[in-house]
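The block underneath contains the structure these notes are about, expressed in structure tokens.
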Amino acid sequence: MSWYDLIDKNGTAVIPDGTVEIPENVYSHCGTLKSVILPNSVRVIGRHAFDSCGNLESADLPDGLEEVVDYAFRLCHRLHIPRIPDSVVKIGDGAFDSCKLPESLAFTNVKEIGGAAFNQCWGLRCITIPACTKTIGTFAFHSCKDLERISVDPDNPIFSASGNCLLSKDGKTLFQGCNTSVIPDGVEEISIGAFTDMSGLKRISIPGSVVKFERGPFMECYGLESITVDPGNANYKSSGNCLLSKDGTVLIAGCRNSVIPDGVKVIGKCAFRGCQALERINIPDTVTEICDDAFHYCRSLRSITIPDSVKSIGHSAFLYCYNIEEIRTGNPEIVKGTGATNAKIVKC
């Protein structure tokens, strides 16, 4: 009997008692599966086992489960996972990507959390990292837009938490922020994607200790209204609710209330990406370059004037700016490849 023979006419699969491992890819992209009942004998759920089961709604993880392998439940958008058993010690890359989870998760005995393991798990509000967790992959909680609280057991030797931020033990690297984060003094580096899609984040203040941002540090933070930098910071400054290089020539990140200052030469990669409330922006004639994805998915942007000083516009700079009606420029050729497919290009 095949695994598909276990699915009844109602879309429920009852996995037999005694099953220890759910094989990889066994139900991947299965559109008829709506519910799966797993026995307590299951210890491992294999790679891609339920990946992209678009109609899967129920799968209670059994006591005794130890490992959820890479992409096991990825893109099961309708799936509600009521709990992660205390027996789980390893969660693989993308294991619960886009699933529905409890508002609060405490990873009691989890030693490894893979990259993008909980990507886009909307509704997740609180995470608690135990002392035993040694590895948290890149983008582990990426785009968890409802996240409000991050805590770490003080006995954890690798990670710490302060100001509702997930940090390295020495507090120098910020791995993950949330909607209520206050970046602590002492943070030197803010990792890529640390604040992506934190739609409830209203204001952010960069302390003087920060020396490095990865690209697009506040992508998709469409509620962000204010960006300030400690005047004592040797590498960055703020002006007009923009995060700038210290010399003011590079705009690293903006928000819905940004006014681009004179003197900016480069609007950086992903600087305004996902700033959905941005309706208008004036580009000063000091700007010479607009980088890739700079205004990507600024869906409220209606029109924009590109001054003659701009010599280069990067790939997808205006991609998914659905409501942009008009782009005024002295060089229409410069707009090609920017994703502004719906806009009227007016030579001025």
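Extension gain, residue 312 to residue 8: 0.36 nm times the residue separation minus the Cα-Cα distance gives 103.6 nm. Spin-label model, residue 155 to residue 299: label points 7 Å out along the Cα-to-beta-carbon direction sit 4.6 nm apart.
Sorting 293-306, 255-268 by their mean Cβ neighbour count within 10 Å, with the most densely packed peptide first, gives 293-306, 255-268. Highest-first packing order for the peptide set 163-174, 191-202 is 191-202, 163-174, based on the mean count of other beta carbon atoms within 10 Å.
Near residue 345, the amide H atoms lying under 5 Å from its own belong to 327; only residues 5 or more places off or on other chains count, and H is placed 1.01 Å from N. Averaging the sequence gap over all C-alpha pairs within less than 8 Å and six or more residues apart, then dividing by the number of residues, gives the stretch 1-119 a relative contact order of 19 percent.
Multiplying the residue separation of residue 282 and residue 333 by 0.36 nm and removing their Cα-Cα distance gives an extension gain of 16.3 nm. Using C-alpha pairs under 8 Å with a sequence gap of at least 6, the mean separation divided by the residue count of the chain gives a relative contact order of 7 percent.
Local charge for residue 25 was computed over the other residues whose Cβ lies under 9 Å away, with Lys and Arg +1 and Asp and Glu -1, and equals -1.
Values in this text are rule-based calculations from the coordinates and carry no lab data. Keep in mind it's a predicted model, so treat the numbers as computed, not measured. Virtual Cβ from ideal backbone geometry, glycine too; neighbours counted across all protein chains shown.
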